[in-house]
Amino acid sequence: SQYHELQEKYFSKGAGPVFTFGFLGDREQLDRFFRALKVFSYHVNIGDVRSIISNTSRTTHAELDSEELDAAGITQQTVRISAGIEDADDLIADLAQAFEAAFR
């Protein structure tokens with residue numbers, strides 16, 4: 001695809017993974033989840049060497065109203081992760097303990 005060709009052109013050593021998921025909990029649980037993270041940093045930039053996590057509706061898309069968020073497929077529980085260079089097992093363990101803390 002066109003985007004794959006651009007990725008290969010500008011990121012010849014590979015692009016870092018960025019993915020999004022919907023958090024299945026309320027606002028208080030989501031806040032506990034973010035506070036419990038130890039390896040991930042809560043920031044809005046992507047492509048850093050550090051692993052970064054953010055709540056899209058409160059950060060990069062905070063200026064949108066509810067109709068615009070709906071049109072973009074963004075909910076109040078949308079979470080974006082940009083994985084950095086930390087060990088994958090450490091990142092998975094950090095997410096697991098944060099989910100556990102959120103739903104205690």
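For region 17-48, taking the residues that are open to solvent by 60 Å² or more (accessible area, probe 1.4 Å) and of a type in the set (Phe, Trp, Tyr), the one that is farthest from Ala98 (Cα to Cα) is identified as Phe19.
Listed by first and then second residue, the pairs with beta-carbon distance under 9 Å, at least 6 apart or on different chains, first residue in region 87-104 and more than 18 Å from Leu24 (Cα to Cα) and in contact (Cβ under 8 Å) with a residue 24 or more places away in the chain, second part of a loop (DSSP other than H, G, I, E, B) and among the aromatic types (Phe, Trp, Tyr), are Leu91/Phe40. Among the conditions (1) open to solvent by less than 40 Å² (accessible area, probe 1.4 Å); (2) over 14 Å from the mean Cα position of the chain (by Cα); (3) not charged (D, E, K, R), the only one that Ile85 does not satisfy is (1).
The residue list Phe33, Phe23, Phe19 contains one member that is out of contact with any strand residue (DSSP E or B) (no Cβ under 7 Å at 6 or more places or on another chain) and either of a type outside the set (Ser, Thr, Tyr) or at positive phi (or both), which is Phe33.
Restricting region 1-16 to residues that are over 13 Å from the mean Cα position of the chain (by Cα) and either on the phi > 0 side of the Ramachandran plot or of a type in the set (Gly, Ala, Ser) (or both) leaves a set whose member that is surrounded by the most Cβ atoms within 10 Å (Cβ to Cβ) is Ala15.
The values are calculated or read from the model by the stated rules, or taken from the named source; none is laboratory data. Only a predicted model underlies this, so the values are computations on that prediction, with no experimental measurement involved. For neighbour counting, all protein chains shown are included, and Cβ atoms are generated from backbone atoms with ideal geometry for every residue, glycine included. The area values use the complete protein model at the heavy-atom level, side chains included, leaving out ligands, DNA and RNA. Shrake-Rupley method; radii C 1.70, N 1.55, O 1.52, S 1.80 Å.
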